[in-house]
Every structure is written in structure tokens, then in C-alpha cells.
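Q: One structure, pasted below without further comment.
FYI, it's all coordinate maths here, none of it is from the lab. Note that the structure is predicted; figures quoted are calculated from it, not measured. Cβ atoms come from the backbone with ideal geometry, glycine included; neighbour counts cover every protein chain shown.
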Amino acid sequence: MPLYEYESDGGHCKFCKDRFEVLQRLGEPALTACPECGQPCHRVFSSFASVKSIGDGLSPTKLAQKGFTQYKRAGDGQYEKTCGQGPDLIGRN
Ligand SMILES: [Zn+2]
């Protein structure tokens, strides 16, 4: 499970006065509030490798060789596969 880093938008409880990290399942929506005090917070994109940052700078062919599946946004909440294994099209439904 990836670890996501969050930063509070104004909360000052012990938990969120510094950046904090939350372990979440892939695809789980980002937190919008501190789990401790409920103050608004936002996700910080840190150096943790997301699928996108792994893919950056690599050609689809290279990615496929490494066993990755890459999708590109095709609009309307749908993603089109550019390489690898998996369904050709994924969407919200
Ligand atoms: Zn807090």
C-alpha cells in the first residue's frame, strides 16, 4: 500500500502541525481533513513513487518490457491503455 503525505491547511493539532503520512489503498480518495482534528488538509506529492512518476521519461515500450501497464487519460474519466497488460480502456463505471 502506498504511503501518502499530507499537509494541513491550518490545523494545529499534535497530529497535523507537521506533515503527516497516511497509508492508503490505491484508488482510495485523498483525505481532505485531518483524521485527528478535522481541519482541512491536502495531499502533498512527495518523492513516493506513484505509477505516473515511475512512467515519466520512459517510453511505453520500455514500460511494457519492465512489466508496467500504462494508461493515458482519454477524457471523461476514462483511461486508454498505451502499453502493458490489462483492459484496453478503464473508466469510472
Ligand atoms: Zn489535526
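Q: Once amide H atoms are placed 1.01 Å from N in the peptide plane, what residues at a sequence separation of 5 or more from residue 83, or on another chain, have their amide H within under 5 Å of its amide H?
A: Those lying under 5 Å, H to H, from residue 83 are 70.
Q: If you plug each phi of region 2-17 into the Karplus form 6.51 cos²θ - 1.76 cosθ + 1.60 with θ = phi - 60°, what whole-Hz ³J(HN,Hα) values come out, in order, with x for Gly and Pro?
A: Listing the rounded values in order: x, 9, 10, 9, 10, 10, 6, 8, x, x, 9, 6, 4, 6, 10, 5 Hz.
Q: Now for a separate question. By the scheme Lys and Arg +1, Asp and Glu -1, what is the net charge of all other residues having a beta-carbon under 14 Å from that of residue 18?
A: -2
Q: Quick one: 3J(HN,Hα) in Hz for region 68-73, Karplus 6.51/-1.76/1.60 with θ = phi - 60°, rounded, Gly and Pro as x.
A: 8, 10, 10, 10, 10, 5
Q: Amide H to amide H under 5 Å from residue 33: which residues, 5+ apart in sequence or cross-chain, H placed 1.01 Å off N in plane?
A: Amide H neighbours of residue 33, under 5 Å, 5+ apart: 41.
Q: Moving to a separate point now. Can you compute the charge dipole magnitude of region 1-48 about its Cα centre, using +1 on each Lys and Arg Cβ and -1 on each Asp and Glu Cβ, nothing else charged? Give it in debye, rounded to the nearest 20.
A: Approximately 40 debye in magnitude.
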